[in-house]
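The values are calculated or read from the model by the stated rules, or taken from the named source; none is laboratory data. Note that the structure is a prediction, hence the values are computed from the model and not measured. When we count neighbours, we look across all protein chains shown, and the Cβ atoms used for this are built from the backbone with ideal geometry, even at glycine.
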Amino acid sequence: MSRLTPEARDQMLAEYVAGTPLREIIQRFGVAGSTLTYHRRRAGLKLRRGPRPPLTPEQREARAERACLRRPVELPFEQSPLLPVYPVRLVSRPGEKP
């Protein structure tokens, strides 16, 4: 992995200050998120907080696709993998009240 030049570092931080999304900065400069965080802290820049810019239609579509992948698959009852249920007996530790 190559090191960032001072010019690239300054450009990366300028884009951060301008509000460019972190993922775009990370991809554009080929660095890890921790690298961006390291340089941001060294430069004395605070963590960005506040309202996010509205999503583009492409970003909304990508987010919807990811959400669909996270939803659990519902199977008919006959096909659902059910684990056997065993009765549990609670036992108190010595010195504890039951």
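Can you give me the number of residues within region 1-24 that are under 24 Å from residue 59 (Cα atoms) and part of a loop (DSSP other than H, G, I, E, B)?
Number satisfying all stated conditions: 3.
Which of the residues spanning region 25-54 are crowded, with 16+ Cβ neighbours inside 10 Å and part of a loop (DSSP other than H, G, I, E, B)?
31
Do we have residue 63 as modelled with pLDDT under 90 and surrounded by 10 or more Cβ atoms within 10 Å (Cβ to Cβ) here? Quick ask: steps written out before the conclusion?
Working: modelled with pLDDT under 90: yes; surrounded by 10 or more Cβ atoms within 10 Å (Cβ to Cβ): yes.
When the stated conditions are applied, residue 63 passes them.
Residue 9: among the charged types (D, E, K, R) and touching a residue at least 12 places away in the same chain (Cβ under 8 Å), yes or no? Reasoning before the result, please.
Working: among the charged types (D, E, K, R): yes; touching a residue at least 12 places away in the same chain (Cβ under 8 Å): yes.
So residue 9 fits the description; yes.
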